[in-house]
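The structure appears right after this line, and notes come after that.
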Amino acid sequence: MSRVNQANNRPAVIAPSASNETKQSLNDADLAATYEQLMAAGEEALFVVNKYTAAMFSRKASSAQWGLAASGEFADECLAAVRANTSKKRTSWGATTCASPGDADPTTLNLALAKKGTVAAWLKGADQATGRFGHASPEVKKEVAYLAAHRCQFSGCGKDLGMHAGTGTKGTFSYFAHIVAASADGPRGDPVESEKLVNDPSNFLLLCDECHRLVDKVAPHDYSVTRLREMRSQAIHEVRRALDTLQYPEADAISILGNVTGQMPHISERDIDESLWKSRLRRSSKGVESYFSFGGAHHTPHQDSYWSAAFTTLKFNLLMLQAKLNGVSASGAPRQRLAVFPLHGTSILILAGRILGDMSGTHVFQPHRNQVGQHEQTRWAWPEDAIEPKLDKFKVEALHAHTSAAEEANLVVSLTAPISDSRLAGSSTGSGLRLPTIEISVEQFGHSTIRHPRDLALFGLAVDEALKTLQDQWRIKKLHLYVCAPASAALMVGQKLQARHHANVVCYESLPGKDAPYAPTIEISSHDVKVVGSNLSVSLQT
């Protein structure tokens with residue numbers, strides 16, 4: 001059921017119809033407007049009511065059958081509209097015991113012309129049946145408001161009930177709504193439970209005026225006891241979690257997002273907050289800082305225009321990022337924890353990791369592919385059902401031995417999918433690998449290789465092991481780097497390419513097409529980064 005009358009987004013008024021098909025539930029204003037349309041068209045109207053909500057039927061002539069026109073909340077505006085049209089004697093009134101008045105058969109009811117006194121008396125009784133004016137003791141109200149943090153507990157609302165939404169006036173603008181009605185005749189009423197739970201704090205939802213009307217008068221049939229209890233439980237959980245995060249250490253959030261094969265990723269502040277909370281962190285007040293974002297038009301790393309745009313952005317980003325990393329931006333204060341959210345081209349991620357480094361206090365998050373039916377806000381949070389990996393999940397293996405004369409080598413990272421020898425630059429199908437080669441791989445390839453925080457930590461150890469062999473044992477001067485891995489892993493490879501590793505690093509990415517060869521993109525040295533085969537370069541030293 002959609003929310004109604006929130007932020008002035010009322011549902012469209014439903015045109016009268018003589019059919020018995022189900023109609024959308026309307027709030028008081030829209031039900032009154034629909035009634036006025038019927039009167040203007042010269043039709044007859046019939047309000048069928050139970051103890052707390054109404055349905056409106058219509059017909060073009062007294063000889064015709066009644067058809068359901070609309071249902072919902074009958075309150076002050078409907079009352080005024082009926083009063084204004086009483087003299088026309090085309091409005092009838094009837095009572096039913098149906099939980100949803102729209103299900104009633106008008107031919108079985110005792111109908112009479114609507115009279116001002118009858119309608120006003122019913123409206124007063126409806127407010128009593130829905131418990132709109134009380135039943136909760138001061139102690140219960142205090143407990144319910146505390147559990148709700150004085151916010152509307154209707155799912156998706158969360159309105160601040162300590163301030164009037166329209167005027168900004170401070171005060172108390174909340175309604176203590178019964179889940180099981182205070183009266184057996186009320187919405188979700190029960191002959192036994194209504195009296196038993198009339199002042200039980202577990203039977204209350206703290207709601208704003210619109211939400212209270214929605215669940216009790218506009219569409220009470222859409223909100224069962226079970227649904228409202230689940231709503232209450234979830235709201236309390238959300239409040240507790242939000243308040244508990246005040247105890248978590250702060251982290252500056254950094255996004256590294258760019259066009260990947262024609263798709264521009266998006267991340268919201270809520271995405272980031274959800275991810276941080278589940279990692280027992282909270283976002284600092286600085287807001288989310290974006291780096292390496294050079295527009296959605298560029299997504300082909302084998303074109304000079306891609307790197308021209310990237311390097312133009314990098315020149316500005318580099319100064320700001322390095323100031324953050326060395327504490328200059330914080331006037332020399334200790335560097336804040338960093339929470340990094342990466343989803344970009346592989347070469348950009350490796351370069352970004354190289355600049356960020358692997359200092360403690362850097363928390364890298366992995367975007368996870370949503371499962372069917374999964375809420376998108378969980379995409380960047382570590383999945384709760386992730387299984388902690390075994391220590392030997394990542395395998396480091398020399399595929400081609402090193403010789404004392406070799407000054408260049410390959411490092412192949414095969415996590416998302418295997419990279420065949422024939423796709424590596426400088427290799428041939430007939431002779432196999434030309435250069436000494438180390439591969440980091442897993443038994444099960446796929447996009448979910450990095451699913452648990454421990455996955456990333458173990459992968460980092462594997463990269464350390466590989467680089468130690470390449471640098472300390474093989475003492476190579478140029479490293480050819482091929483990475484087919486999730487975004488967080490690609491970033492971590494770059495984080496590990498620090499000053500202790502003096503070889504120049506050439507990054508490669510696949511050309512378009514299935515099983516296409518890899519081609520070089522950029523070369524990173526200790527002092528700059530340049531595009532292979534181009535004059536484009538940027539200094540990494542400031």
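No lab work stands behind these numbers, since they all come straight from the coordinates. Only a predicted model underlies this, so the values are computations on that prediction, with no experimental measurement involved. Methodologically, a virtual Cβ is constructed for each residue, glycine included, from the backbone with ideal geometry; neighbour enumeration extends over all protein chains shown.
Restricting attention to the chain, close to 50% of DSSP beta bridges with both partner residues there are antiparallel.
Of the peptides 306-312, 528-534, the ranking by mean beta-carbon count within 10 Å, highest at the top, reads 306-312, 528-534.
Once you reduce segment 33-49 and segment 261-319 to the center of their Cα atoms, the two points are 56 Å from each other. In the chain, the DSSP-assigned H stretches of four residues or longer account for a calculated mean residue ellipticity at 222 nm of -8500 deg cm²/dmol, using -39500 (n - 2.57) per stretch and the full residue count as denominator. Put simply, the amide H of residue 92, placed in the peptide plane, has neighbours under 5 Å in 45, 46, 47, 114, leaving out anything fewer than 5 places away on its chain. Model label points for residue 88 and residue 289, set 7 angstrom from Cα along the Cα-to-Cβ axis, are 6.5 nm apart. Within the shell of other residues whose beta carbon sits under 10 angstrom from the beta carbon of residue 283, the net charge comes to -2, with Lys and Arg scored +1 and Asp and Glu -1. Packing here is the average count of other Cβ atoms within 10 Å per residue, and on that basis the peptides 203-214, 463-474, 448-459, highest first, run 203-214, 448-459, 463-474. Placing +1 on the Cβ of every Lys and Arg and -1 on the Cβ of every Asp and Glu, with nothing else charged, gives the chain a dipole about its Cα centre of roughly 760 debye. So if R0 is 22 Å, what FRET efficiency would residue 323 and residue 269 give, r being the distance between their Cβ atoms, rounded to the nearest 0.05? It comes to 0.45. For a 23 Å ceiling on Cα separation, which of these pairs sit above it: 88/116; 393/530; 324/393; 51/141? Checking Cα-Cα distances, 393/530; 324/393; 51/141 exceed 23 Å.
Listed values [x] 168; [y] 271; [z] 212 include one computed from this model; for volume of the Cα convex hull per residue in Å³ that value carries the label [z]. Taking amide H atoms as placed 1.01 Å from N in the peptide plane, the amide H of residue 357 has no partner under 5 Å among residues 5 or more positions away or on other chains. A cut-off under 14 angstrom between Cβ atoms defines the neighbours of residue 458, and their net charge, with Lys, Arg +1 and Asp, Glu -1, is 0. Counting only residues at least eight positions apart within a chain, or on another chain, the lysines with an alpha carbon under 21 Å from that of residue 142 are 159, 170, 196. Calculated FRET efficiency, residue 155 to residue 478, Cβ-Cβ distance, R0 = 60 Å: about 0.55 to the nearest 0.05. Placing a label point 7 Å from the Cα of residue 384 along the Cα-to-Cβ direction, the residues of segment 226-241 whose backbone N falls under 16 Å from that point are 230-241.
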